[in-house]
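Working notes, structure below.
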Amino acid sequence: MDFLAVTKQVTNIVNDTAIVDVHTHLYSEAFGDRLRWGIDELLASHCLAPELLRLRPDLDPKAFFALKKVERAERVWQEIFVSHTPLSEAARGVLTVLHELGVDTGEKDLNVIRRYFQDMSPADYIDKVFELANIRYVVMTNDPFDRAEQGVRKRDGHRDERFRASLRLDGLLGGYAENLAAVRAQGFAMSETLDEKTIQAGRDFLRTWIDLLRPEYLAVALPGDFRSDDGSVCARLLRLCALPVAQECRLPFALMIGKPRQADIAGEVDCPGAGIGEANVGVVVELAAEFTEVKFLVTMLSRRNQHELCVAARTFPNVLPFGCGRVMNFPCIIQEMTAERLEMLGLTYIPQYSDARILDQLIYTWSHSRHVIAAVLASKYFDIMKTGWKVTKEDIARDVQRLLAGGYLADFQGDA
Ligand code: ZN
């Protein structure tokens, strides 16, 4: 088979494989307006705002963000799509979404485009996006201190298997002082001093939420300079409460390392400063060595950490690198990271997650990522085929299943 034929075959298989998207900020319909979707959301998102503010330095960022969503969308459309050419990844993403939906952009008229979304119901749009993006399920980010989350769980209102849960612990671990009253209001006798009683109550708090959410994993975002042994409240809660409960419940623990110290905890706003500066990979090594029975899903936000993370994963089988974080979700970087991980870890990593905050972003993130991942895989298959090694269609489908459809994750979760 020549290189073009290999590429075509791999691309078809990658496109036909239903994705398990292991980290998003999406919500199912039961969460009401937490579910964000449609052209105005896409245009007004924090992905495009930086580009607009660079094109128009005369705009005051605060005043811009204070505008209504539709007005922000109109400014972005005019400036990035009409007055200039939409070549950036975020702008091209909008065009990919419209193209896949079959919306005509010929007139470059936002009001014409808006008509497509006008009569769409959230339920129909979820079906459409999951079908177009070919997604099996996405994992949400579920915060036990979020009122919307509590409301949905109280009503027992979440029943959509396409949206699975992850229990996000930033509020407990990173914002303990601020959230202590909320923990106590939920009936768990934690106190400011992390004594034995508080640790036990904290473990009970986690067990209760695990029962409620049935999460795929527990997760926390940590600053780049986090130390696991510095005696901070966050480090102690992580080691005394969260990781022992993850081990007991046989749930993987996701570490998302490299957020700036001052970032907002909910992660709704794009973190200024995320991914700038190297984080400490030593934390991954220390925790993986100390908690050998806990499976760590690890994503690091700085490009400068990626090689060292692969090296750590080669030493610790309980470390699984996953995805290309928000500031690296660009085809040129995905290409580099996917190739490096494939060369260093074989098929034992998860190439990508969407980090989508708006439902529509699933369409373009996965369309663009699939394209890059397929190209990287095809070149590697071609390399080994040149040695005379036979690679069948079934081999490729099995490998892609492992990388993109949750196959490796299931193994990783299962052999705890
Ligand atoms: Zn995220």
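Ignoring any ligand, DNA or RNA, what whole percent of the accessible area of the chain comes from carbon and sulfur when the probe is 1.4 angstrom? Carbon-and-sulfur percentage of accessible area, whole number: 51.
Taken along its principal axes, the alpha carbon cloud of region 113-242 reaches lengths of 56, 35, 25 Å, longest axis first.
Given a Förster radius of 22 Å and the C-beta distance between L67 and T105 as r, what FRET efficiency does 1/(1 + (r/R0)^6) yield to the nearest 0.05?
Efficiency, from the Cβ-Cβ distance: 0.40.
Placing a label point 7 Å from the Cα of R136 along the Cα-to-Cβ line, the residues of region 9-37 whose backbone N sits under 11 Å from it are 17-21. Considering helices alone, the calculated mean residue ellipticity of the chain at 222 nm is -14500 deg cm²/dmol, with DSSP H runs of length four and up weighted by -39500 (n - 2.57) and normalised per residue.
Could you state the per residue volume, in Å³, of the convex hull enclosing the Cα atoms of region 272-368?
Details: hull volume 10.2 nm³, N = 97.
With only Cα atoms used, region 272-368 gives 106 Å³ per residue.
Return the FRET efficiency for the residue pair E178, C332: r is the Cβ-Cβ distance, R0 is 41 Å, and the value is rounded to the nearest 0.05. Working shown, then result.
Values: r = 39 Å, r/R0 = 0.94.
Plugging the Cβ-Cβ distance into 1/(1 + (r/R0)^6) gives 0.60.
Using only side-chain charges placed at the Cβ, +1 for Lys and Arg and -1 for Asp and Glu, the dipole size of the chain relative to its Cα centre rounds to 180 debye. Based on Cα atoms of region 166-251, Rg over Rh with Rh as the Kirkwood radius reads 0.93.
Sort 150-156, 350-356, 7-13 for me by packing, meaning the mean count of neighbouring Cβ atoms within 10 Å per residue, highest on top. Kindly include the intermediate steps, with their values, before the conclusion.
Working: 150-156: 13.1, 350-356: 24.0, 7-13: 18.4.
Order by mean packing, descending: 350-356, 7-13, 150-156.
Please compute the per residue accessible area over the chain with all protein chains in place, 1.4 Å probe, rounded to a whole number of Å². Intermediate values should be presented prior to the final figure.
Details: 18510 Å² over 416 residues.
For the chain, the solvent-accessible area averages 44 Å² per residue.
Solvent-free Debye calculation, one equal scatterer per alpha-carbon of the chain: log10 I(q)/I(0) at 0.07 Å⁻¹ equals -0.34. Each peptide in 49-57, 196-204 receives the mean, over its residues, of other Cβ atoms within 10 Å, and ordering these scores from highest gives 196-204, 49-57. Each Lys and Arg adds +1 at its Cβ and each Asp and Glu adds -1 at its Cβ; summed about the Cα centre, region 104-219 shows a dipole of about 240 debye. Electrostatic bookkeeping for V129 treats Lys and Arg as +1 and Asp and Glu as -1; over the other residues with beta carbon under 11 Å from its beta carbon, the sum is -3. A simple spin-label model places pseudo-atoms 7 Å from Cα toward Cβ; at R147 and S232 they are separated by 2.9 nm.
May I ask you to compute the full-extension gain from D60 to H46, defined as 0.36 nm times their residue separation minus their alpha-carbon distance, rounded to one decimal in nm?
On the way: separation 14, 0.36 × 14 = 5.04 nm, distance 1.50 nm.
Full extension of this stretch gives 3.5 nm more.
Straight-line cross-link reach from K259 at under 26 Å between alpha-carbon atoms covers these lysines, not counting any fewer than eight positions away in the same chain: K62, K295.
Subtracting the Cα-Cα distance from 0.36 nm times the residue separation, let me have the gained length for L53 to R314 in nm, one decimal.
On the way: separation 261, 0.36 × 261 = 93.96 nm, distance 4.19 nm.
Result: 89.8 nm gained on full extension.
Can you tell me which of 178-189, 312-323 comes out highest on packing, and rank the rest after it, using the mean Cβ neighbours within 10 Å?
Top of the packing list down: 312-323, 178-189.
Using the Cβ-Cβ distance between R34 and A289 with R0 set to 51 Å, the FRET efficiency works out to roughly 0.85. Full extension of the segment from D127 to R304, taken as 0.36 nm per residue of separation minus the current Cα-Cα distance, would add 59.9 nm.
The values are calculated or read from the model by the stated rules, or taken from the named source; none is laboratory data. Everything numeric in this text was worked out from a predicted model, so none of it was measured. For neighbour counting, all protein chains shown are included, and Cβ atoms are generated from backbone atoms with ideal geometry for every residue, glycine included. Ligands, DNA and RNA are stripped out before the accessible areas are found, and what is left, the full protein with its side chains, is counted by its heavy atoms. Shrake-Rupley method; radii C 1.70, N 1.55, O 1.52, S 1.80 Å.
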